[in-house]
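Here is the structure we will look at.
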Amino acid sequence: MRIGLVVNILDEEYQISIYDGIRSRAKELGITLVCIQQENTHFYPQSFLAHFPEENFFNLDGIILLTSVVVDNNEINHKEDVQKVWKNLPVVSIGQKIQGIPSLLIKTDESMKQLVEHLIFEHNYRNFVYISGPQNHHDAIIRENIFCETVDEHKSEYPDLNYTIKRGWFTEQAAIEAMAQFYNENPNANPDVIVCANDNMAIGVYKYFKMNHKNPSIKACAVTGFDDIPQARFEIPSLTTIRQPMEKIGRESLDTLLREINGEKNIKNSFVKSQVLFRKSCGCKQNELDISDDFVDKMHTNYVQSERMLRMVSHIGQDLNLCETDGGLRYIVNVNMEQLDIQNFCILKYQGKNYKLEQDIETFMVKPVYVRRNGRFFHEFDGNKIMTIGQFYKKYLDYDNTKPESLVLKFLFSGNEIIGCVFYDSSIDILPYVCSISINIAQAMNRISVSEERRRYSEFLEKEVNKRTKELIKANNRRMEVEAEVLRISEIERQRFSNDLHDDICQRLAGISMLCRSYSNQNEPVEKNQMVELAELISDTLQTTRQYAHNSYPVELESLGMNHSISNLCHSFEVQSGIKCEYQWNLKTDSIFDKTQKLNIFRIIQEALHNAMKHSKATVVKVCVKAGRNDVIVEISDNGCGIQKTKSSEKGTNGLGLNSMQYRANQIGASFTIKSNKPVGTTIQVKLKV
């Protein structure tokens with residue numbers, strides 16, 4: 001049989017005592033116990049019930065719910081509230097009545113009233129400060145109401161009776177803060193007695209007085225508590241309090257749950273009476289039992305144990321602060337688990353990002369970081385496998401026949417996010433310190449995760465830098481190749497221009513010169529037809545010279561505009577090549593281009609037409625200038641034979657014309673693409689953002 005116990009956190013005596021009672025009874029009966037801590041859920045808007053696993057997650061046969069300490073206990077009033085999580089699983093409540101569920105209740109009314117009247121009648125106290133628990137906590141409300149009603153009941157008899165209410169979270173630190181707030185609001189106050197809703201807060205008041213013993217305006221006074229935790233007897237002075245038989249309550253709660261599991265009907269609520277214990281802190285004389293040799297020995301043992309554990313927690317924290325890897329974490333934890341004689345301790349790391357309590361625990365995937373089972377570092381456990389907490393718990397519990405009798409589940413936090421959890425079991429006197437050690441482990445895990453994330457990011461950046469460097473080197477080499485190619489193209493163009501001038505214009509001028517000399521040497525007058533021939537020759541030479549000048553720089557780009565210039569270029573191409581050229585201009589204006597852009601776009605179209613005439617074997621060429629969404633698109637397409645692969649193109653080296661077009665596109669910040677059309681032809685496209 002497997003039973004679950006839901007508490008707040010096992011770092012204070014009240015919950016530990018009840019846990020000890022349940023655990024000892026479970027051990028007698030051979031029942032496995034898993035304790036789930038609710039810790040920290042009061043910082044979140046949703047009820048804690050949303051953060052706990054359903055009935056089949058740990059395969060539980062029943063649940064004991066310590067409603068007196070769970071934060072949202074006012075939300076749990078009916079059986080239906082519990083069934084939202086655990087369906088029809090048998091449940092027993094401790095400390096608060098839940099309609100339809102067996103509950104173990106502690107009768108505190110008479111004891112609280114008796115304590116307050118003792119302070120009024122026996123010690124003549126008139127000025128009270130009452131430090132209550134959380135404002136919406138069921139037990140805190142009951143104790144506060146009894147206190148107020150009792151004092152108010154006797155005000156007619158003692159008109160000078162008065163009290164101030166302060167609130168905390170049932171912790172020592174909360175009481176220290178409440179006392180500081182009280183004296184800030186009432187600097188001249190001189191209370192007779194501080195009545196606290198539990199012993200932890202009463203011990204916090206003790207510490208506040210000791211911390212301020214040099215302040216003359218703050219005087220120590222009588223203090224009382226509630227619960228009678230073991231530490232209450234060992235305080236100096238010993239604490240007047242109200243005893244709740246917590247271990248007995250724990251044992252009875254398990255017996256009640258077993259009757260519920262076995263199908264017993266009409267199980268009635270159980271009531272356990274509390275008892276006032278008058279000790280020295282309220283002003284009573286020292287009890288002989290409290291000053292016995294046995295008591296002194298126990299107090300000394302308690303002090304030595306506390307000092308030893310505090311030092312160990314400090315040393316563990318320092319060691320964990322230095323570890324930088326999961327391996328270092330495992331080593332430090334394993335060494336200290338040996339020293340603490342903790343037989344079962346497991347660290348699980350959450351696999352994911354930003355897990356918060358609002359999520360379902362069933363989606364909480366973990367990977368084991370450290371596994372200790374029955375006093376041995378469990379090397380055999382598969383630390384690389386990712387699983388749910390429930391799957392880990394089952395594998396851990398069922399590994400062999402030597403099952404741990406009980407395990408406690410505690411989540412590990414980093415801020416408001418869960419980074420993992422621990423499963424553990426230890427002796428009762430070590431339990432509070434394990435909570436502190438777990439906090440140090442959480443900080444170490446978070447630091448290791450951050451360090452690993454930074455390392456991974458650093459490696460990623462290094463790879464990206466290397467990749468980008470290679471790309472820049474490649475681009476730079478390509479740029480140098482293109483520039484060299486452009487210089488070569490320019491030299492070839494100059495050579496071609498020089499050859500054209502020499503072979504064409506110069507030859508024409510030489511012919512004209514020779515003809516003129518011939519005419520000048522003849523004796524007869526020059527005839528009309530001879531002069532017409534000479535004029536035609538000069539006119540042809542002039543036209544050819546103009547064409548060369550136009551090819552060198554299209555002057556009409558500035559005077560007539562791009563549309564007209566490209567149209568003339570297409571017309572000349574059609575006349576010279578015999579290839580039909582279709583031209584479209586779909587822009588409203590060419591004022592969006594600067595001088596450099598106009599010239600380079602013109603040259604790209606000119607080179608594309610030249611290539612089409614020379615290589616494409618096309619019958620139709622289309623030139624289109626149109627507007628895109630955020631750019632201007634220039635397309636030159638044909639129906640020719642397409643791009644032919646050559647040895648140079650296979651190596652990634654294009655011809656002079658293509659390199660020239662690519663270079664010009666780069667010069668104006670435009671993209672340049674060239675592709676084969678289907679089924680035939682080639683398209684050259686230039687996109688320029690405007």
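The phi torsions of the stretch 452-464, fed into the Karplus equation with coefficients 6.51, -1.76 and 1.60 and a -60° offset, translate into couplings of 5, 5, 5, 5, 4, 5, 5, 5, 4, 4, 4, 5, 5 Hz, rounded to whole numbers, with Gly and Pro shown as x.
Taking amide hydrogens as placed 1.01 Å from N in the peptide plane, the amide H of residue 420 sits under 5 Å from those of 350, 412, each at least 5 positions away in sequence or on another chain. Does the stretch 390-433 classify as rounded, prolate or oblate by the C-alpha gyration tensor (a ≥ b ≥ c root eigenvalues; a/c under 1.5 gives rounded; else a/b over b/c gives prolate, otherwise oblate)? Oblate, since a/c reaches 1.5 and b/c is not below a/b. Loop-resident trypsin sites (Lys or Arg not before Pro) (DSSP state other than H, G, I, E or B) in the stretch 169-226 with no more than 10 further Cβ atoms inside 10 Å of their Cβ: 214. Annotation for the stretch 571-619: trypsin sites (Lys or Arg not before Pro) lying in DSSP loop with at most 12 further Cβ atoms inside 10 Å of their Cβ are 588.
Couplings for the stretch 579-595, taken from phi via the Karplus curve 6.51 cos²θ - 1.76 cosθ + 1.60 with θ = phi - 60°, read 9, 5, 10, 9, 10, 10, 10, 10, 10, 6, 7, 9, 6, 6, 9, 8, 4 Hz in order; Gly and Pro are left as x.
At an R0 of 60 angstrom, the distance between the Cβ atoms of residue 1 and residue 480 translates into a FRET efficiency of 0.15. In this view, the solvent-accessible surface of residue 138, computed with a 1.4 Å probe and all protein chains in place, comes to about 60 Å². When the listed pairs 349/385; 166/207; 107/285; 84/349; 219/280; 588/689 are checked against a 22 Å cut-off, the alpha-carbon distance exceeds it for 107/285; 84/349.
Look at the alpha carbon pairs under 8 Å that are at least 6 residues apart: their mean separation over the length of the stretch 216-277 gives a relative contact order of 33 percent. Anisotropy class assigned to the chain is prolate, per the alpha carbon gyration tensor with a/c at or over the 1.5 cut-off and a/b larger than b/c.
Rounded to 0.05, the FRET efficiency of the residue 558 and residue 505 pair, given R0 = 25 Å and the Cβ-Cβ distance, is 0.50.
For the chain, carbon and sulfur atoms together expose 49% of the accessible surface, with a 1.4 angstrom probe and every protein chain in place.
The GluC sites (Glu not before Pro) of the stretch 95-131 that DSSP puts in a loop, and whose beta carbon has at most 14 other beta carbons within 10 Å, are 122.
If a paramagnetic tag sat 7 Å from the Cα of residue 219 along the Cα-Cβ line, which residues of the stretch 175-192 would have the backbone N under 20 Å from that point? Under cut-off, by backbone N: 179-192. Here's the picture: a label point sits 7 Å out from the Cα of residue 190 along the beta-carbon direction, and within the stretch 208-227 the residues with their amide nitrogen under 13 Å of it are 216-221. For the chain, averaging the sequence separation of C-alpha pairs within contact (under 8 Å, six or more residues apart) and dividing by the residue count gives a relative contact order of 10 percent.
Accessible surface for the chain, divided over its residues, is 52 Å² per residue with a 1.4 Å probe. Taking 27 Å as the limit for the C-alpha separation, the pairs 614/678; 87/367; 79/248 exceed it in the case of 87/367.
The values are calculated or read from the model by the stated rules, or taken from the named source; none is laboratory data. Just so you know, these numbers come straight off a predicted model, no measurement behind them. Cβ sites come from the backbone with ideal geometry, for glycine too, and all protein chains shown count toward neighbours. These area figures cover heavy atoms from the full protein model, side chains too; ligands, DNA and RNA do not enter into them. Shrake-Rupley method; radii C 1.70, N 1.55, O 1.52, S 1.80 Å.
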